[in-house]
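Okay, structure first, notes after.
What follows is calculated from the coordinates using simple rules that are stated; it is not laboratory data. What you see is a predicted model, and the numbers here were worked out from it, not measured in a lab. Neighbour counts run over all protein chains shown; Cβ positions are idealised from the backbone, glycine included.
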Amino acid sequence: MTIALQYCNITVNDPEESLAFYCDALGLEVRNDVAQGGFHWITLGTPDQPGLEIVLSSPHAGRSQADGDALQELLVKGVLPMLVFRTDDLDGLFEKVRASGAEVMQEPIDQPWGPRDCAFRDPSGNMIRVSQAPV
């Protein structure tokens, strides 16, 4: 038996606005762009992981008004769970993301538990970490 992660959801204020960060800065590609019932979500992925997709959607997409409002409040506070990406060129990716204007939370450092990593906030305030395995 095998098991693999298929989807990961990221709540953002505006999926379209988030594309510059996730596609242009991080290098993800758009796989699907859906507008339905007044909601909009965009599915992203990477060429080297064809089975894993990241879905950008707004707080109210597919949720009750109360749940969407609660999620929006958490998004504004910047307390939603972070997402961690892995790269083989942390310093190069860091410079690319920083040049995009993203808010830098942590420049690349070697962590005592092994990886070298850095952190940014996406346009909606989500923490995005990027790590590189120790060499």
Restricting region 1-42 to residues that are over 17 Å from V84 (Cα atoms) and β-branched (V, I, T), which is surrounded by the most Cβ atoms within 10 Å (Cβ to Cβ)? I42
Cross-chain or 6+ apart pairs with Cβ under 6 Å, region 1-17 first and in contact (Cβ under 8 Å) with a residue 60 or more places away in the chain, then in a helix (DSSP H, G or I) and surrounded by 10 or more Cβ atoms within 10 Å (Cβ to Cβ): T11/L71; T11/L75; V12/S18
L26, sole failed condition from (1) touching a residue at least 60 places away in the same chain (Cβ under 8 Å); (2) touching a Ser or Thr at 6+ places or on another chain (Cβ under 7 Å): (2)
Can we say E73 is within 28 Å of Q132 (Cβ to Cβ) and among the acidic types (D, E)? no
